[in-house]
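K.L.:
Okay, handing you the structure first.
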Amino acid sequence: MMGFQAAPAQLFYDFSLDEHVPADHLLRRIDQHLDLEGIRTQLKPYYSSTGRPSIDPDLMMRMLIVGYSMGIRSERRLCEEVHLNLAYRWFCRLGLDGKVPDHSSFSKNRHGRFRQSDILRHLFETVVERCLAQGLVGAEGFAVDASLIAADANKQRSVPGVEWNLDAAKDSASRSVQEYLEVLDDSAFGAASPVTPKFISASDPAAQWTGAHKGHAFFAYATNYLIDTDHGVILDVEATRAIRQAEVGASRTMIDRTEERFGLKPDYLVADSAYGSAENLAWLVKHKTIAPHIPVFDKSTRTDGTFSRADFVWDGEHDRYVCPAGKELLQFHRRYATPRSGITSEGTRLYRARKQDCDACELKPRCCPNAPTRKVPRDLHEDARDVARAIAGTPAYERSRHRRKKVEMLFAHLKRILRMARLRLRGQCGARDEFLLAATAQNLRRLAKLRPPCRLAAAAAL
């Protein structure tokens, strides 16, 4: 006989929200590692001492963590999901009858006290400290990389870079334009490169027009991660323009900030060839004493059949190069009454062979067929490049290159699982907020996976 479900006649129910959240639910595991006690202290100076009570900042932080941990990109939808989902209500301490704040509250606080107090950076660093306390950071090796995230900007509403009127932009009331004007001298944005972008978005001028993905060009920001290669914990995150100079500068900022904030300095740093410039390698080797497990960015290899710079042997003791024919190349072949630095405008020293040596050499057609003598440039920081080249031939280098893939996996997780393929907020402040919250969520998920609650670990052992 077909059953029929009648409406329940009970007027009162004994209902425990905690019992309806599974013991292995992601948010329950995250909650064990989340400490928001410092949020109120950090935000207290930014609230008035009079007036109506505001929305609890603890509730807003928990809702943002739910959104970024579960891939809910819209704050309007986040409020709806928290209202309906029991696990979300339990995590946000709302109970069954707690009122969910309106989505507009997030925007008001984000543009106000959240940015004034830098609370999202504080939240991120609190989670990193928790990772340190749980023994997830070894500090033996770090990896750094950047990934492009599409900005909330449309090509159809952009203007050519040469037609961008800075004076007219100053009169704009747009928040993102005002933020852009504030970072014109910032090394991560306006001062990263003197080159004018091909297009500038009127709605988000700080976004970089880029074709780095070898497909259709688009407006984007770069999220920069500094991670520990042991467990892939994100130690720092920085938002920059989507160009190599800004990304390399961000890596230095993150290394310095991590050392200052947590007292961590790695034995080696792993990165791709974009970070292998002579200047950056010299900073790592000479100033930070960090071994660079980085491919050297070198364009000296020739493809026309003539000798490359690698075919010339460097003799540091006598400050010279030795050519394949055994002749020496010197920077100066005679003494000058007024000593010369010999440094070119490109930051190199030129080592030249003697003309008589080149004229009589049988290897000249393979060395300098179109020049009277051979010249070999040597960068001022070539010794740091030599250190990186020497490391590249070691087994430790091969192992570290394999471990560098963890940062690529984090970017894939960011875009595919957390659904951050495109930013929701505009301006460099919006990009920074989103990247901080996403990195916080990724670290919390990593903690939940590697350090589960005690009762879950005991159950797994049985």
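The values are calculated or read from the model by the stated rules, or taken from the named source; none is laboratory data. Computed from a predicted model, the values in this text were never measured in an experiment. Please note: Cβ atoms are built from the backbone with ideal geometry, for glycine as well, and neighbour counts cover all protein chains shown. The protein model used for the area step is the full one, side chains on, heavy atoms only, and it has no ligands, DNA or RNA in it. Shrake-Rupley method; radii C 1.70, N 1.55, O 1.52, S 1.80 Å.
K.L.:
Could you check how many residues of the stretch 249-290 are among the aliphatic types (A, V, I, L, M), within 20 Å of Asp228 (Cβ to Cβ) and open to solvent by less than 20 Å² (accessible area, probe 1.4 Å)?
P.N.:
Final tally of qualifying residues: 8.
K.L.:
Among the residues of the stretch 151-190, write down those that are in contact with a Leu (Cβ under 7 Å, 6 or more places away or on another chain) and closer than 27 Å to Tyr225 by Cβ.
P.N.:
Ala151, Asp152, Gly190
K.L.:
Can you confirm whether the stretch 33-53 contains a residue that is exposed (fewer than 13 other Cβ atoms within 10 Å of the Cβ) and at pLDDT 90 or above?
P.N.:
no
K.L.:
On to the next question. Which ones in the stretch 412-428 are in a helix (DSSP H, G or I) and surrounded by fewer than 21 Cβ atoms within 10 Å (Cβ to Cβ)?
P.N.:
Within the stretch 412-428, Ala412, His413, Lys415, Arg416 qualify.
K.L.:
Within the set of pairs 6+ apart or on separate chains, which have a first residue in the stretch 412-435 that is under 25 Å from Leu26 (Cβ atoms), a second that is open to solvent by less than 60 Å² (accessible area, probe 1.4 Å) and among the β-branched types (Val, Ile, Thr), and C-beta atoms under 6 Å apart?
P.N.:
Leu423/Ile149; Phe435/Thr223; Phe435/Val237
K.L.:
Of Ser147, Ser193, Ser176, which residue is assigned to a loop (DSSP other than H, G, I, E, B) and open to solvent by less than 40 Å² (accessible area, probe 1.4 Å)?
P.N.:
Residue meeting the stated conditions: Ser193.
K.L.:
Quick test of your reading of the structure: Gln245 fulfils all but one of (1) over 30 Å from Arg451 (Cβ atoms); (2) in a helix (DSSP H, G or I); (3) under 18 Å from the mean Cα position of the chain (by Cα); (4) touching a residue at least 60 places away in the same chain (Cβ under 8 Å). Name the failing condition by number.
P.N.:
(4)
K.L.:
Would you confirm whether any residue within the stretch 324-335 is assigned to a loop (DSSP other than H, G, I, E, B), of a type in the set (Phe, Trp, Tyr), more than 30 Å from the chain's Cα centre (by Cα) and surrounded by fewer than 17 Cβ atoms within 10 Å (Cβ to Cβ)?
P.N.:
yes
K.L.:
Give the stretch 109-144 a look and list any residue that's within 24 Å of Lys449 (Cα to Cα) and either outside any helix (DSSP H, G or I) or without any contact (Cβ under 8 Å) to a residue 12 or more places away in the chain (or both), or say none.
P.N.:
Ala133, Gln134, Gly135, Leu136, Val137, Gly138, Ala139, Glu140, Gly141, Phe142, Ala143, Val144
K.L.:
Here is a check on your reading of the model: is Ser201 of a type in the set (S, T, N, Q), modelled with pLDDT under 95 and under 19 Å from Arg422 (Cα atoms)?
P.N.:
On the way: of a type in the set (S, T, N, Q): yes; modelled with pLDDT under 95: yes; under 19 Å from Arg422 (Cα atoms): yes.
So Ser201 passes the test.
K.L.:
More than 23 Å from Lys415 (Cα to Cα) and among the aromatic types (Phe, Trp, Tyr): is that true of Tyr68 in this structure?
P.N.:
Answer is no for this residue.
K.L.:
I'd like to check which helices (runs of 4 or more DSSP H) are fully inside the stretch 342-407 and have at least 1 residues that are in contact (Cβ under 8 Å) with a residue 60 or more places away in the chain and within 20 Å of Thr306 (Cβ to Cβ).
P.N.:
Values: elements: 355-359, 364-367, 382-391, 395-403.
Per the criteria, 364-367.
K.L.:
Right, Gly316: under 16 Å from Pro365 (Cβ atoms) and at pLDDT below 90 or not?
P.N.:
No, not satisfied.
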